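What follows is calculated from the coordinates using simple rules that are stated; it is not laboratory data. If you're wondering where the values come from, they're calculated on a predicted model, not measured in any experiment. Positions of Cβ are backbone-derived with ideal geometry, glycine not excepted, and every protein chain shown enters the neighbour counts.
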Amino acid sequence: QVQLVESGGGLVQAGGSLRLSCAASGRTFTMNSMAWFRQAPGKEREFVGGIRWSGGNPNYADSVKGRFTISRDGAKLNLQMNSLKTEDTADYYCAASRGQLSTGSAYYNYWGQGTRVTVSS
């Protein structure tokens with residue numbers, strides 16, 4: 001099993017920045033990729049960005065490209081969010097997969113509890 005714990009959510013004004021972190025523990029050697037997803041009220045969960053645990057460049061959703069940056073620091077996955085918009089308001093989830101990096105939430109085996117990001121106008 002892999003345990004994922006997110007931190008760093010909160011309230012920020014539009015144009016501001018937040019940094020989310022996801023600490024992975026347990027059988028992390030079984031992880032092949034990790035990603036961030038988000039879910040806004042009344043909407044489907046959507047892929048934000050992800051990275052292969054072994055390295056390489058992250059992939060991003062078009063909606064966050066150029067504003068969000070994913071990085072890995074040991075067993076921690078970070079999401080730096082800049083130039084935040086009101087439409088970025090959502091619950092953000094960290095996810096890990098034993099398989100290849102995918103934009104589909106169904107391919108992820110482990111999930112964190114989520115952290116809320118609220119961007120005010």
**Fill in**
With R₀ set to 30 angstrom, the calculated FRET efficiency between the beta-carbons of R27 and T86, to the nearest 0.05, is 0.20
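Using Cα pairs under 8 angstrom and six or more residues apart, how large is the relative contact order of the stretch 1-72, in percent?
Averaging sequence separation for qualifying contacts and normalising by length gives 20 percent for the stretch 1-72.
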**Message:** Using only the Cα atoms of the chain, what are the Rg and Dmax in Å?
**Reply:** 13.2, 42
**Complete:** For K65, the lysines lying under 17 Å Cα to Cα, once residues fewer than eight places off in the same chain are dropped, come out as K85
**Contact order normalised by residue count of the chain, Cα under 8 Å, 6+ apart, percent** = 36 percent
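Averaged over all directions, how much area does the convex hull of the C-alpha atoms of the stretch 12-78 cover when projected, in nm²?
5.6 nm²
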